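Let me begin by presenting the structure, written as structure tokens, before commenting on it.
The values are calculated or read from the model by the stated rules, or taken from the named source; none is laboratory data. Being a predicted model, the structure only gives us computed values, none of them experimental. We place every Cβ from the backbone using ideal geometry, glycine too, and count neighbours over all the protein chains shown. Protein only, heavy atoms only, side chains kept; ligands, DNA and RNA dropped before computing areas. Shrake-Rupley method; radii C 1.70, N 1.55, O 1.52, S 1.80 Å.
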Amino acid sequence: MGEIRELSDINLEVSLGPIRLKNPVMLASGTCGYGRELTPHLDLNSIGAVVVKGISLEPRPGNPPPRIFETPCGLLNAIGLENVGVKAFLTEKLPWLKDQGISTVVNILGNSVEEYKRLCSILSEESQSILAIEINVSCPNVKAGGVAFGRTPEGTYEVVRHVVEVTEIPIIVKLSPNVTDITSIAQAAQDAGAHAISLINTILAMAIDIEKKRPLLGNTFGGLSGPAIKPIALRMVWEAHRAVDIPVIGIGGISTWKDAVEFLMAGASAIQIGTATLVEPGSAKKILDGLTRFMRQKGYREVEALWID
Amino acid sequence: MVLVDRKCKIIHHSQVGPEVYVLGIDAVDVAKHALPGQFVMIGVRGKSAFDPLLRRPFSIAWTDHVKGMIFIFYRVVGRGTRLLSEYMPGTGLELLGPLGRGFSLEVSGRRILVGGGLGIAPIIFLYKWIKASGASATCILGARTGDELLGALKASDISLEDVIITTEDGSLGKKGLVTGPLAKCLDHIGGDATIQACGPAPMLKAVSNLSNHKVRLLEVSLESYMACGIGLCLGCAHKKRGDSEEYVHICKDGPVFDARDVVL
Ligand SMILES: Cc1cc2nc3c(=O)[nH]c(=O)nc-3n(C[C@H](O)[C@H](O)[C@H](O)COP(=O)(O)OP(=O)(O)OC[C@H]3O[C@@H](n4cnc5c(N)ncnc54)[C@H](O)[C@@H]3O)c2cc1C
Ligand SMILES: Cc1cc2nc3c(=O)[nH]c(=O)nc-3n(C[C@H](O)[C@H](O)[C@H](O)COP(=O)(O)O)c2cc1C
Ligand code: FES
């Protein structure tokens, strides 16, 4: 074994197409509020970017409780995309993020192509304070009988092709894992003009209350996240990276810096931390520090040098 | 505002009743800043394991400023609390807090405190706070059995003579539910009274029904599953009162609410 030489000049910056990040660690949508809630625990300027809670055209109240349930090494949630709506986001949430100089990615959701387009046009007015828009395609398409856009390559293509036309802000497409073949969906996003893809969103799941003989979550189904889904997410990131040329952001159960290294080795250019922040609000910084140390010790000068060819 | 997220050492841990424990944690800054009704999130999993994944919420039952400790009063109901009960003094626990909005501290008129089951925890804190400030309150505490209550009262230095006690089996105090003594109390007071309550949902509903229009303010402390405890996940939703479909978030907007604002 060769001598370990510590590097001092590693470069943590990554470019996801036109999106520049100071380091590859981002916070995942729905697990960091609108950023501000986390400030006592985490210096948001120290991480790559914050992806805010999914925003819709109109405010959404969310699902009836119970909304969350713990499963072995996992979290089942059916929040129901509760959010303040794009208007309140722009007037009440974004100004603070802008003032603090925080790299902000806005996650959006809609029930029709029209809604996604309108959201993107509205957000375009604030293009200088939005680093990228992340499109959550896991939402039901009302026109297609409620089948999620992200379930089919066609649905994914349709949304993405329309939104890239209406905004200059770079587009990240967040893929749903609830599909037969992630590679065809990833390719559809690329073909439609996405600048990057992020995956995975939560895995469709459920739990049953055996005393009450009924589904445990108010919404019957929920999304599974946390360490339990990491091996699945890792496999999908590996597959997606090999299927497309655009950058891949790895998400799913990342809780330690070692998990982060695995995703980067699988071919991710950046990662997002979700459930780990809920468990320990300062997780992202610990993961970034661990990753940095690992890269120094092992002599990786830049993030993409971690990729397994 | 002080908010701690770190490992804190267990100083005291004892069983005070069937499946009921008192836990004393070394956390001087939390002890100094905690207010009655606030809670902490406690990590119950061992080192580097991910199961159980989430921290568990517990009310602060009282604080000791001299020793710089906070106390938790809990019942073993599942895996997390079972694991917690096995922690020995001297070991460290992940602690996040103090969290949430507690009870109103300055209120005019008469004051009645009602705690039921493990809901007596924040009520004990509030009662001790009121006494320390030289004010007074009627404190009604209820449990299923007497030994459950005795241990907690002893550990928290509250004299049996100072509080009204009810037990379902009649083994201590009056037999029955807290609503018995509460109803009597309400007969004797004018409208300028405040009730502050914590306990199981049916108890809070009964207290609310009893006190309707008879008091100026009813404050209730609510519970729900929580993932983060700090407003990140929106998992702790509870329905607001009114026709519209709107929710409060227990960890951030509460856990203490004006009973007029929420569905009980
Ligand atoms: C603000 C707040 C303050 C609390 N204060 C106290 C306290 O002072 N003392 C105390 O003993 N408990 C308190 N609880 C409840 C405590 O958090 C739960 O009992 C604990 O999380 C159960 O964990 P477990 O792993 O042992 O049980 P699990 O295996 O998770 O669940 C076992 C059983 O407990 C119920 N349960 C789980 N979590 C909760 C919850 N958050 N609220 C209500 N029921 C739940 C489940 O429905 C299930 O039936 C409080 C809860 C909240 C939200
Ligand atoms: C409570 C909760 C809320 C979430 N809300 C959103 C959301 O609004 N939009 C979205 O695209 N993903 C949302 N997600 C998915 C996460 O961003 C992430 O993709 C997923 O949880 C997997 O990562 P993790 O295992 O690290 O949490 C949410 C996840 C959780 C746990
Ligand atoms: S527990 Fe996460 S928002 Fe309340």
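Compute the distance in nm between two label points, each set 7 Å from the Cα along the Cα-to-Cβ direction, one at A:VAL166 and one at B:LYS174.
Inter-label distance under the simple model: 6.4 nm.
With 10 Å bins from zero, work out the P(r) of segment B:111-210 over every alpha carbon pair and list the percent per bin.
16, 54, 28, 2
Report, ordered by chain and residue number, the aspartates and glutamates lying within cross-link reach of B:LYS154, taken as a straight Cα distance under 19 Å and ignoring same-chain residues fewer than 8 apart.
The reachable aspartates and glutamates, counting only those whose Cα sits under 19 Å from B:LYS154, are B:GLU19, B:ASP64, B:ASP162.
Extending each Cα 7 Å along its Cβ direction at B:VAL77 and B:LYS32, get the distance between those two points in nm, one decimal.
3.3 nm
State in Å² the accessible area per residue of chain A; use a 1.4 Å probe, count heavy atoms of protein chains only, and round to the nearest integer.
Details: 12610 Å² over 309 residues.
Here the per-residue accessible area is 41 Å².
Probe radius 1.4 Å, ligands and nucleic acids left out: which of B:ASP243, A:ASP191, A:ASP259, B:ASP26 has the largest accessible area, and how do the rest follow? Show your work: numbers first, answer last.
On the way: B:ASP243 165, A:ASP191 110, A:ASP259 15, B:ASP26 60 Å².
Heavy-atom accessible area, descending, gives B:ASP243, A:ASP191, B:ASP26, A:ASP259.
Using only the alpha-carbon atoms, what does chain B span along each of its principal axes? Please give whole angstrom values in decreasing order.
55, 45, 34
Rg and Dmax of segment B:5-99 over Cα atoms: what are they, in angstrom?
12.2, 35
Starting from the 7 Å offset along Cα-to-Cβ, what nm value, one decimal, do you get for the label separation of B:LYS7 and A:VAL142?
The modelled label-to-label distance comes out at 5.3 nm.
Hey, can you grab everything whose amide H is under 5 Å from the amide H of B:GLY116? Only 5+ residues off in sequence or another chain; H modelled, so Pro and N-termini drop out.
Here B:GLY142, B:CYS198, B:GLY199 satisfy the definition.
For B:GLU168, which sequence-distant residues (separation of 5 or more, or a different chain) have an amide H within less than 5 Å of its own amide H, given hydrogens modelled in the peptide plane?
Those lying under 5 Å, H to H, from B:GLU168 are B:ALA143, B:ARG144, B:THR145, B:GLY176.
So what is the relative contact order for chain A, in percent, with contacts set as C-alpha pairs under 8 Å and at least six apart?
Details: 704 pairs, mean separation 65.6, N = 309.
Relative contact order, chain A: 21 percent.
Net charge within 13 Å of B:VAL220 by Cβ-Cβ distance, Lys/Arg positive one each and Asp/Glu negative one each, not counting B:VAL220 itself?
Values: positive: B:ARG101, B:LYS205, B:ARG241, B:ARG260; negative: B:GLU219, B:GLU223, B:ASP253, B:ASP258, B:ASP261.
So the environment of B:VAL220 carries a net charge of -1.
Would you work out if chain A is rounded, prolate or oblate? Take a ≥ b ≥ c from the square roots of the eigenvalues of the alpha-carbon gyration tensor; rounded if a/c is under 1.5, else prolate when a/b is larger than b/c, oblate otherwise. Before the final figure, lay out the partial values.
Numbers: a/c = 1.41, a/b = 1.25, b/c = 1.12.
Rounded.
Pop the C-beta distance of A:ASP9 and A:LYS212 into the FRET formula with R0 = 51 Å and round what comes out to the nearest 0.05. If you can, show how the numbers build up before the last one.
Working: r = 60 Å, r/R0 = 1.17.
For A:ASP9 and A:LYS212, the calculated efficiency is 0.30.
Summing +1 for each Lys or Arg and -1 for each Asp or Glu, what net charge is found among the other residues whose Cβ lies under 15 Å from the Cβ of A:GLU13?
Details: positive: A:ARG20, A:LYS22, A:ARG301; negative: A:ASP9, A:GLU302, A:GLU304.
For residues surrounding A:GLU13, the net value is 0.
From the protein chains alone at 1.4 Å, what is the descending order of accessible area for A:LEU216, B:LEU83, largest first? Show your work: numbers first, answer last.
Working: A:LEU216 30, B:LEU83 50 Å².
Greatest to least solvent exposure: B:LEU83, A:LEU216.
When we measure straight from the Cα of A:LYS93, which aspartates and glutamates land under 12 angstrom away, once same-chain ones fewer than 8 places off are left out?
A:GLU37
Rounded to the nearest 0.05, what FRET efficiency is calculated for A:ARG293 and B:LYS154 with R0 set to 60 Å and r the Cβ-Cβ distance?
On the way: r = 49 Å, r/R0 = 0.82.
For R0 = 60 Å, the calculated efficiency reads 0.75.
For the pairing of chain B with chain A, what total accessible surface becomes buried, with a 1.4 angstrom probe, in square angstrom to the nearest 100? Please report the intermediate quantities before stating the final value.
Working: alone 12550 and 13880 Å², together 23900 Å².
Buried area (both sides, nearest 100 Å²): 2500 Å².
Under the Kirkwood approximation for Rh and a Cα-based Rg, what ratio Rg/Rh is obtained for segment A:204-309?
Numbers: Rg = 16.6 Å, Rh = 15.1 Å.
My calculation puts Rg/Rh at 1.09.
By DSSP, what percent of the beta bridges with both residues in segment A:130-228 are antiparallel, rounded to the nearest 5?
On the way: 7 of 14 bridges.
Here the share of antiparallel DSSP bridges comes out near 50 percent.
Using θ = phi - 60° and the Karplus curve 6.51 cos²θ - 1.76 cosθ + 1.60, what whole-Hz ³J(HN,Hα) does each residue of segment A:18-23 get, with Gly and Pro shown as x?
x, 8, 9, 10, 6, 7
What residue among A:LEU16, B:LEU83, B:ASN212 has its Cα farthest toward the positive end of the dipole of the protein assembly as shown, where the charges are +1 on Lys, Arg and -1 on Asp, Glu, each on the Cβ?
B:ASN212
Taking all protein chains in place and a 1.4 Å probe, what share, in percent, of the accessible surface of segment B:222-264 do carbon and sulfur account for? Present the calculation step by step, with values, prior to reporting the outcome.
Working: 870 of 1830 Å².
Solvent-exposed carbon and sulfur of segment B:222-264 make up 47 percent of the total.
Stokes-Einstein D for segment B:222-264 at 37 °C, 0.692 mPa s, Kirkwood Rh over Cα pairs, in µm²/s?
Values: Rh = 10.4 Å.
Diffusion coefficient, whole number: 316 µm²/s.
Could you work out the pair-distance distribution P(r) of the protein assembly as shown from its alpha-carbon pairs, with 10 angstrom bin width and percents rounded to whole numbers?
3, 17, 26, 23, 16, 10, 4, 1, 0
Over 19 Å between Cα atoms, which of B:LYS9/B:LYS32; A:LYS22/A:LYS286; A:LYS143/A:LYS174; B:LYS67/B:LYS252 qualify? The partial results should precede the final answer.
Working: B:LYS9/B:LYS32 16 Å; A:LYS22/A:LYS286 16 Å; A:LYS143/A:LYS174 21 Å; B:LYS67/B:LYS252 29 Å.
Flagged as over cut-off: A:LYS143/A:LYS174; B:LYS67/B:LYS252.
Just to confirm, what accessible area per residue do you get for segment B:1-75 at 1.4 Å probe, in whole Å²? Intermediate values should be presented prior to the final figure.
On the way: 3080 Å² over 75 residues.
Value for segment B:1-75: 41 Å² per residue.
Mean Kyte-Doolittle of at least -1.0 and a Cα length of 18 Å or more along the axis: which whole DSSP H helices of chain A meet both?
On the way: long enough: A:153-166 (20 Å, -0.09); A:230-243 (20 Å, -0.16); A:283-298 (22 Å, -0.69).
Those that clear 18 Å and a mean of -1.0 are A:153-166, A:230-243, A:283-298.
Which whole-number percent gives the relative contact order of chain B, counting Cα pairs below 8 Å spaced six or more residues apart?
Working: 595 pairs, mean separation 47.4, N = 264.
Relative CO of chain B lands at 18 percent.
Which residues among segment B:14-51 fall inside the zone where the amide N is under 12 Å from a point 7 Å beyond the Cα of B:LYS67, along Cα→Cβ?
So the set is B:14, B:22-27.
Nearest-5 percent of antiparallel DSSP beta bridges in the protein assembly as shown?
Numbers: 55 of 105 bridges.
Taking every DSSP beta bridge with both residues in the protein assembly as shown, the antiparallel ones total about 50 percent.
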